[in-house]
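The values are calculated or read from the model by the stated rules, or taken from the named source; none is laboratory data. The structure displayed is predicted, hence computed values, not measured ones. Glycine gets a Cβ as well: all are built from the backbone with ideal geometry, and neighbour counts include every protein chain shown.
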Amino acid sequence: MNLFDTILERIDRFTERSTRTVAKTSGRRSFLARAGGMMLGGAMLPLLPFDRTFGQAMAATPTDGDALVCEYWRYCALDGNLCSACGGSITQCPPGSEASKVSWVGTCRNPNDGKDYLVAYNDCCGKPICANSPSCLRSEGERPGYRMGLHNDINWCMANASKGYHCTVAILVGLAE
């Protein structure tokens, strides 16, 4: 018997012992349970929120009070297209679209009075993405993605019947305390 046959025999014995050990410690049911869990997890993967940043850089710091530009103070945590440039307003979705059922919240400082305000950002859903509007990516105070209510890189239209993203509005909720 040569060296090559000896090595193959050892590999064969090791594989047989390992396979028998696994067969003794786990059964078909546990294998089926794990395989079913992996299949169910794989089926749920498309339901997860997805990233809308498209690799864009953060917008510049606010310098203008105009609600048609990304630097407007209310847009400090906005990620998306401005509804005010798409036929809507700062607080209302354009005709033919509806506000998302869920939103994210940011705290923005008004430079005119120096106070911090809570701002709710709602995506407007049901129409194709608004190409007439600048795409804003303002992430001041953004939290990691596992804190869903504080994260703006998600298509929040996923809760609506019509999941197509159109633009985003910024609604003042009140003073931050």
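General observations
- Number of residues in region 97-116 that are in contact (Cβ under 8 Å) with a residue 40 or more places away in the chain and surrounded by fewer than 19 Cβ atoms within 10 Å (Cβ to Cβ) equals 9.
- Here residue 17 fulfils each of the conditions (1) modelled with pLDDT of 80 or more; (2) under 30 Å from residue 108 (Cα atoms) apart from (2).
- Residue match in region 34-50 (condition: more than 30 Å from residue 163 (Cα to Cα), within 41 Å of the chain's Cα centre (by Cα), in a helix (DSSP H, G or I) and at pLDDT 80 or above): yes
- The residue that is surrounded by the fewest Cβ atoms within 10 Å (Cβ to Cβ), counting only those in region 125-168 that are modelled with pLDDT under 85 and hydroxyl-bearing (Ser, Thr, Tyr), is 146.
- For region 14-29, a tally of residues being surrounded by 10 or more Cβ atoms within 10 Å (Cβ to Cβ), in a helix (DSSP H, G or I) and not acidic (Asp, Glu) returns 9.
- Filter result for residue 122 (surrounded by fewer than 17 Cβ atoms within 10 Å (Cβ to Cβ) and among the polar types (S, T, N, Q)): no
- On inspection, residue 55 does not qualify as assigned to a helix (DSSP H, G or I) and either modelled with pLDDT of 85 or more or among the small types (Gly, Ala, Ser) (or both).
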